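See below for the structure under consideration.
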Amino acid sequence: MAKQYDKEFKEQVIQYVLDHPDLTYTQIAQQFKVHDTTVGGWLKSYKNHGAQVVARGSGNYVSITSQRDRPS
């Protein structure tokens, strides 16, 4: 399973990328101990979503209502 990072950490990394255009994704990734493609993906997502950091949940959420409505 892939490691998940919270929104605040992603914001910190993205802001660092924006503040240091002279550094490569690889250099920044090493500083934050993430993969360079992760940094690139976060920045791409940030730009595609109107300069907003997207934070997903685990994808395992099931509401109580949907559990109740399932046939037994």
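Values in this text are rule-based calculations from the coordinates and carry no lab data. Quick caveat: nothing in here was measured; it's all calculated off a predicted structure. Positions of Cβ are backbone-derived with ideal geometry, glycine not excepted, and every protein chain shown enters the neighbour counts.
Assorted remarks:
- Fully extending the segment from His20 to Glu8, taken as 0.36 nm per residue of separation minus the present Cα-Cα distance, adds 2.5 nm.
- Calculated FRET efficiency for the pair Gln27/Val54, C-beta based, R₀ 22 Å, to 0.05: 0.40
- Coupling constants for segment 38-55 follow from the phi torsions by the Karplus curve (6.51 cos²θ - 1.76 cosθ + 1.60, θ = phi - 60°), and in residue order they are 5, 4, x, x, 5, 5, 4, 4, 4, 5, 6, 10, x, 6, 10, 7, 9, 10 Hz; glycine and proline get x.
- Taking amide H positions as modeled 1.01 Å from N, with prolines and chain starts lacking one, no residue 5 or more places away or on another chain lies under 5 Å from Val34.
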